[in-house]
Amino acid sequence: MISVEEALQLILEHKAALPLEEIDLLQSMGRVLAQEVTADRDFPPFDRATMDGFAINSHDFASGARAFLVEQIQAAGAPQTILQETGSCIEIMTGAMLPVNTDAVIPYEDCLLQDKVAKVQIEHVKAGQNIHRRGSDKKAGETLLTAGVQITPAIVGTLASVGLAKVKVYKLPKVAICSTGDELVEIKETPLPHQIRRSNAYMLAAALQGEGIQASLYHLPDVPQVMEASLEKIIAEHEVLILSGAVSKGKFDFLPQVLATLSFESVFHRIAQKPGKPMLFGTLPGQKVVFGLPGNPVSTFVCYQLFFRPWLRASLNLSSVEAYAQLTQNVHFRPNLTYHLPVKLHNHLGLLQATPIQSTGSGDLTSILEADALLSLPAVPDTFSAGEAFPITLL
Ligand code: AMP
Ligand code: MG
């Protein structure tokens, strides 16, 4: 049995080399940028007024002029005008080009406009005031964004500002979710006393939707021949298989043996952790990967968060940030396993604190309803004190 760290390392070594695709800008939110983006022109592209008011030549003000005749209006979106006379001004709007022969903008608030004459009410005017200089944010050709960032609204705005109606992103993998088990029925059905609804498949599908992935859902009965025939078809059409159940030591846990007949190569089976000990991971021909998650709902969820998500992020060339939180109470856990605890997070004087959520075990799906994160306690020691900080996986 390998450690959580070793399992994660092995999974990351099998990250996918995802190809690029070009998509419409408005479809790109949340996707991962796969191109460098440079400024196509200076940012801003011209000297622009940052206030509504009057554009003057600061030399005139320094020479004592305080009343400036308004020659014309410089609107945003209008070509650059020219100040003709010494001692006069041009009324200007925010975002407009600074007129030729002017070098300062005095806001309306600091002037009195009477009969087309702007009378300046302040005693200090500096050259360059209220002007956003051409190229002062970025110069044409400068890098604005590099590949490997998740697209946010600010990034969409930046891409729009350089005229990218289409954007290159990493293609998302084709994922199949297969639940297993003869005790499971469709969610629309009324389960008999010995049956339950196949909730895991929906939980996994929803989690994948959050990543922008529309997975296909399948169900396999606990019958090796049927499993094999179905899996063969599913494998042909997908790059990633997320299986739930049938990977432990039970009499009906047929997945490892069925996968073996389908050229599956196991990378590891079983991790020294709770929940999720029976997890299986391996590859199929054609750089395909298989995540065999144990069927208990919390195990499925924890393994998805701790192993599938990092695999996906690494495949998308996204970096991961490590986060920690302080336990608010002592925890005692004897077995030599990494213990992943669902926790509620709160801020205490700027410190992130984690309070474990009561649970009856890995079959207790309701225990993760309120969880903000999973807090991972190392295999040793077996007592963890309030105030100690441990790594968390945000949900
Ligand atoms: P298994 O890993 O197949 O031994 O399943 C362990 C436990 O998880 C059993 O109690 C199953 O009934 C339950 N389980 C397995 N798959 C699902 C599923 N898709 N949805 C809900 N519970 C499941
Ligand atoms: Mg089962």
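Starting from residues that are near ligand 1 (Cβ under 10 Å from one of its atoms) and free of Cβ contacts under 8 Å to residues at least 60 places away in the same chain, keep the ones in the stretch 221-250 and report whichever is farthest from Val289 (Cα to Cα).
Across the stretch 221-250, the extreme among qualifying residues is Gly250.
Quick check on my filter: what residues within the stretch 255-266 are without any contact (Cβ under 8 Å) to a residue 40 or more places away in the chain and within 16 Å of ligand 1 (Cβ to nearest atom)?
Once the filter is applied, which keeps residues that are without any contact (Cβ under 8 Å) to a residue 40 or more places away in the chain and within 16 Å of ligand 1 (Cβ to nearest atom), the stretch 255-266 yields Pro256, Gln257, Val258, Leu259.
Only one of Thr86, Thr102, Thr81 is exposed (fewer than 14 other Cβ atoms within 10 Å of the Cβ) and more than 30 Å from Val156 (Cβ to Cβ); which?
Every option except Thr86 fails the conditions.
Thr300 is checked against (1) among the hydroxyl-bearing types (Ser, Thr, Tyr); (2) away from ligand 2 (no atom under 16 Å from the Cβ); (3) under 23 Å from Leu365 (Cβ atoms) and fails just one. What number does that condition carry?
If we test Thr300 against (1) among the hydroxyl-bearing types (Ser, Thr, Tyr); (2) away from ligand 2 (no atom under 16 Å from the Cβ); (3) under 23 Å from Leu365 (Cβ atoms), just (2) comes out false.
With the structure loaded, tell me whether Lys274 is of a type outside the set (A, V, I, L, M), away from ligand 1 (no atom under 15 Å from the Cβ) and within 32 Å of the chain's Cα centre (by Cα) or whether it fails that test.
Answer is no for this residue.
Collect the residues in the stretch 23-56 that are closer than 21 Å to His238 by Cα and of a type in the set (D, E, K, R), keeping them in residue-number order.
If the condition is that a residue be closer than 21 Å to His238 by Cα and of a type in the set (D, E, K, R), then Arg31 is the only one that fits.
Here's the yes/no breakdown for (1) without any contact (Cβ under 8 Å) to a residue 60 or more places away in the chain; (2) under 27 Å from Lys249 (Cα atoms); (3) small (Gly, Ala, Ser); (4) part of a loop (DSSP other than H, G, I, E, B):
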residue	(1), (2), (3), (4)
Ile177	no, yes, no, no
Lys188	yes, no, no, yes
Pro191	yes, yes, no, yes
His194	yes, yes, no, yes
Asn200	no, yes, no, no
Met203	no, yes, no, no
Gly212	no, no, yes, yes
His219	yes, yes, no, no
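Anything in the stretch 183-206 that is near ligand 1 (Cβ under 10 Å from one of its atoms) and crowded, with 17+ Cβ neighbours inside 10 Å? List them, or say none.
Once the filter is applied, which keeps residues that are near ligand 1 (Cβ under 10 Å from one of its atoms) and crowded, with 17+ Cβ neighbours inside 10 Å, the stretch 183-206 yields Leu184, Arg198, Asn200, Ala201, Met203, Leu204.
Within the stretch 362-378, can you find the residues that are at pLDDT 95 or above and acidic (Asp, Glu)? So that I can check it myself, show each step before the final result.
Looking only at the stretch 362-378, we keep the residues that are at pLDDT 95 or above, and these are 371-378.
Asp372, the sole residue that qualifies.
What's the total number of residues in the stretch 3-26 that are of a type in the set (D, E, K, R), under 15 Å from Ser315 (Cβ atoms) and part of a helix (DSSP H, G or I)?
Total satisfying the criteria: 1.
Only residues that are hydroxyl-bearing (Ser, Thr, Tyr), in a loop (DSSP other than H, G, I, E, B) and either on the phi < 0 side of the Ramachandran plot or surrounded by 14 or more Cβ atoms within 10 Å (Cβ to Cβ) (or both): list them for the stretch 251-268, please.
Thr261
Would a scan of the stretch 207-214 turn up a residue that is among the polar types (S, T, N, Q) and either in contact with a helix residue (DSSP H, G or I) (Cβ under 7 Å, 6 or more places away or on another chain) or within 16 Å of ligand 2 (Cβ to nearest atom) (or both)?
No: zero hits.
Just checking, does the stretch 311-320 include any residue being polar (S, T, N, Q), closer than 22 Å to Leu280 by Cα and in a loop (DSSP other than H, G, I, E, B)?
No, there is no match, as no residue in the stretch 311-320 is polar (S, T, N, Q), closer than 22 Å to Leu280 by Cα and in a loop (DSSP other than H, G, I, E, B).
Touching a helix residue (DSSP H, G or I) at 6+ places or on another chain (Cβ under 6 Å), closer than 20 Å to Thr300 by Cβ and within 16 Å of ligand 2 (Cβ to nearest atom), is that true of Leu231?
Criteria not met by Leu231.
Tell me, which residue of the stretch 72-94 that is over 47 Å from the mean Cα position of the chain (by Cα), in a loop (DSSP other than H, G, I, E, B) and not polar (S, T, N, Q) is nearest to Phe46 (Cα to Cα)? Walk me through how you get there before you give the answer.
The initial filter retains those residues of the stretch 72-94 that are over 47 Å from the mean Cα position of the chain (by Cα), namely 72, 82-89.
Narrowing the set further to residues that are in a loop (DSSP other than H, G, I, E, B) leaves 83-87.
Filter once more, keeping what is not polar (S, T, N, Q): 83, 85, 87.
Values: Leu83: 17, Glu85: 23, Gly87: 24 Å.
Checking each candidate, the answer is Leu83.
Please enumerate the residues belonging to the stretch 313-325 that are surrounded by fewer than 20 Cβ atoms within 10 Å (Cβ to Cβ) and on the phi < 0 side of the Ramachandran plot.
Arg313, Ala314, Leu318, Ser319, Ser320, Val321, Glu322, Ala323, Tyr324
In the set Met51, Met29, which member is touching a residue at least 60 places away in the same chain (Cβ under 8 Å), in a loop (DSSP other than H, G, I, E, B) and more than 30 Å from Val149 (Cα to Cα)?
Checking each option against the conditions leaves just Met51.
Which number in (1) more than 16 Å from ligand 2 (Cβ to nearest atom); (2) not in a helix (DSSP H, G or I) marks the one condition that Gln225 misses?
(2)
The values are calculated or read from the model by the stated rules, or taken from the named source; none is laboratory data. Here the structure is a predicted model, which means the values were calculated and not measured. Backbone-built Cβ (ideal geometry, glycine too); neighbour counts: all protein chains shown.
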